[in-house]
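The values are calculated or read from the model by the stated rules, or taken from the named source; none is laboratory data. Bear in mind the structure is a predicted one, so any value in this text is a computation, not a measurement. Counting neighbours? That spans all protein chains shown, and the Cβs are built from the backbone with ideal geometry, glycine included. Side chains are part of the model used for accessible areas, which takes the heavy atoms of the whole protein and leaves out ligands, DNA and RNA. Shrake-Rupley method; radii C 1.70, N 1.55, O 1.52, S 1.80 Å.
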Amino acid sequence: MKSLGSDETASLSETHAAILQTVLGGMSVPASKLASLLAEYDPEDDALLCVAKINTAIAPVGLRIVSAVDEASGELVYLLKNTKEAALYGESPYSPSETRIAEKTVECVMEQDGQIESVSLINRVFHKCDKKTPHQEIENTLDMLVREGWFVDREGVFALGVRTVVDLEHHLKEAYPEKAVFCAACSRIALQPKICTDCGAQTHRTCSPNACYVCAPCVKEDTNK
Ligand SMILES: [Zn+2]
Ligand SMILES: [Zn+2]
């Protein structure tokens, strides 16, 4: 990987370096954590300006810090995105077999409207991998991918982790245009949107916690889909 030019690195402060450090592993960082980092280093600094400045510095190496809504926690998070290619499918540190399992898992989750039970998932991935990859290997790989933030496993129900949603955003929009939508409130990608029964607007659940963000004045109650 190309190293950062001295001009760019020279302009990064200690605060910027600390923020960059927290996102470098690839895991998502809640906006609240970013705020506490800023408070620790430089309370005067603005989170958005900091991120913009870091992005200018890391753009030459094809990286960018982006914000997304983590649909598992409902939190706004920041994470590092490879702007040149999808990290999970491209030059990832994973073996071809692990990448294949990841790819098939994304397919299975998306085919099941964003969530799938683990037993059913492992069986489907097994069939999609031509019945050649042992169940145990699929299970171990899934455990690893969950630990690394690519998928979430909530009591045996699998969904895409925000890391995958951001990494594969382009692919998901293209392959599943009906299922991967942009939130009408915050414009960020949503895979499990709340659909307003009155106006049809699709938003993150946290972007329309009670009434619909778009037609709120006309809506009396929570219109959970
Ligand atoms: Zn939203
Ligand atoms: Zn509405």
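Among the numbered criteria (1) within 22 Å of H170 (Cα to Cα); (2) open to solvent by 30 Å² or more (accessible area, probe 1.4 Å); (3) part of a loop (DSSP other than H, G, I, E, B), which single criterion is violated by R100?
R100 satisfies every listed condition except (3).
Please go through the range 86-109 and pick out each residue that is touching a residue at least 12 places away in the same chain (Cβ under 8 Å) and over 17 Å from T133 (Cα atoms).
Filtering the range 86-109 for residues touching a residue at least 12 places away in the same chain (Cβ under 8 Å) gives 86-89, 97-98, 100-109.
If the condition is that a residue be touching a residue at least 12 places away in the same chain (Cβ under 8 Å) and over 17 Å from T133 (Cα atoms), then A86, A87, L88, Y89, V109 are the ones that fit.
Condition check: within 16 Å of ligand 1 (Cβ to nearest atom), more than 19 Å from E107 (Cβ to Cβ), open to solvent by less than 20 Å² (accessible area, probe 1.4 Å) and modelled with pLDDT of 95 or more. Does C183 satisfy that? Outline the logic, then answer.
Values: within 16 Å of ligand 1 (Cβ to nearest atom): yes; more than 19 Å from E107 (Cβ to Cβ): yes; open to solvent by less than 20 Å² (accessible area, probe 1.4 Å): yes; modelled with pLDDT of 95 or more: yes.
So C183 passes the test.
Quick test of your reading of the structure: D45 fulfils all but one of (1) surrounded by 13 or more Cβ atoms within 10 Å (Cβ to Cβ); (2) assigned to a helix (DSSP H, G or I); (3) more than 19 Å from the chain's Cα centre (by Cα); (4) not hydrophobic (A, V, I, L, M, F, W, C). Name the failing condition by number.
The single condition D45 does not satisfy is (2).
For the range 106-117, does any single residue satisfy the condition of being farther than 30 Å from L37 by Cβ, of a type in the set (V, I, T) and in a helix (DSSP H, G or I)? If you could, list the steps in order and put the result at the bottom.
Of the range 106-117, the ones farther than 30 Å from L37 by Cβ are 106-117.
Now narrow it down to the ones that are of a type in the set (V, I, T): 106, 109, 116.
Adding the requirement that they be in a helix (DSSP H, G or I) leaves 106, 109.
Yes: the range 106-117 contains one or more residues that are farther than 30 Å from L37 by Cβ, of a type in the set (V, I, T) and in a helix (DSSP H, G or I).
Restricting attention to the range 186-215, which residues are part of a loop (DSSP other than H, G, I, E, B), near ligand 1 (Cβ under 10 Å from one of its atoms) and not polar (S, T, N, Q)? Steps first, please.
Of the residues in the range 186-215, the ones part of a loop (DSSP other than H, G, I, E, B) are 186-188, 191-193, 196-201, 204-215.
After this cut, where a residue has to be near ligand 1 (Cβ under 10 Å from one of its atoms) as well, the list is 186-188, 193, 204-208, 213.
If the condition is that a residue be part of a loop (DSSP other than H, G, I, E, B), near ligand 1 (Cβ under 10 Å from one of its atoms) and not polar (S, T, N, Q), then C186, R188, P193, H204, R205, C207, Y213 are the ones that fit.
So R163 clears everything in (1) more than 16 Å from ligand 1 (Cβ to nearest atom); (2) open to solvent by less than 30 Å² (accessible area, probe 1.4 Å); (3) within 11 Å of the chain's Cα centre (by Cα) except one condition, right? Which one?
If we test R163 against (1) more than 16 Å from ligand 1 (Cβ to nearest atom); (2) open to solvent by less than 30 Å² (accessible area, probe 1.4 Å); (3) within 11 Å of the chain's Cα centre (by Cα), just (2) comes out false.
Results for (1) under 30 Å from S92 (Cα atoms); (2) outside the structural domain of V109 (by TED's automatic domain parsing), shown as yes or no for each residue.
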residue: L145; (1), (2): yes, no
residue: E174; (1), (2): yes, yes
residue: V181; (1), (2): yes, yes
residue: S187; (1), (2): yes, yes
residue: T203; (1), (2): no, yes
residue: P209; (1), (2): no, yes
residue: Y213; (1), (2): no, yes
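Suppose the filter is open to solvent by less than 70 Å² (accessible area, probe 1.4 Å), touching a Ser or Thr at 6+ places or on another chain (Cβ under 6 Å) and either assigned by TED's automatic domain parsing to the domain that holds C215 or under 30 Å from C207 (Cα atoms) (or both); does G156 pass it?
Values: open to solvent by less than 70 Å² (accessible area, probe 1.4 Å): yes; touching a Ser or Thr at 6+ places or on another chain (Cβ under 6 Å): yes; either assigned by TED's automatic domain parsing to the domain that holds C215 or under 30 Å from C207 (Cα atoms) (or both): yes.
Taking the combined requirement at face value, the residue satisfies it.
Look at E8 and say whether it is open to solvent by less than 60 Å² (accessible area, probe 1.4 Å) and modelled with pLDDT under 85. Spell out the reasoning first.
Working: open to solvent by less than 60 Å² (accessible area, probe 1.4 Å): yes; modelled with pLDDT under 85: yes.
Yes, satisfied.
Given R124, R163, which one is in contact with an Asp or Glu (Cβ under 9 Å, 6 or more places away or on another chain), of a type in the set (D, E, K, R), over 27 Å from G25 (Cα atoms) and assigned to a helix (DSSP H, G or I)?
None of the others qualify; the one that does is R124.
Could you check H170 against (1) crowded, with 21+ Cβ neighbours inside 10 Å; (2) under 13 Å from the mean Cα position of the chain (by Cα) and say which number it fails?
(1)
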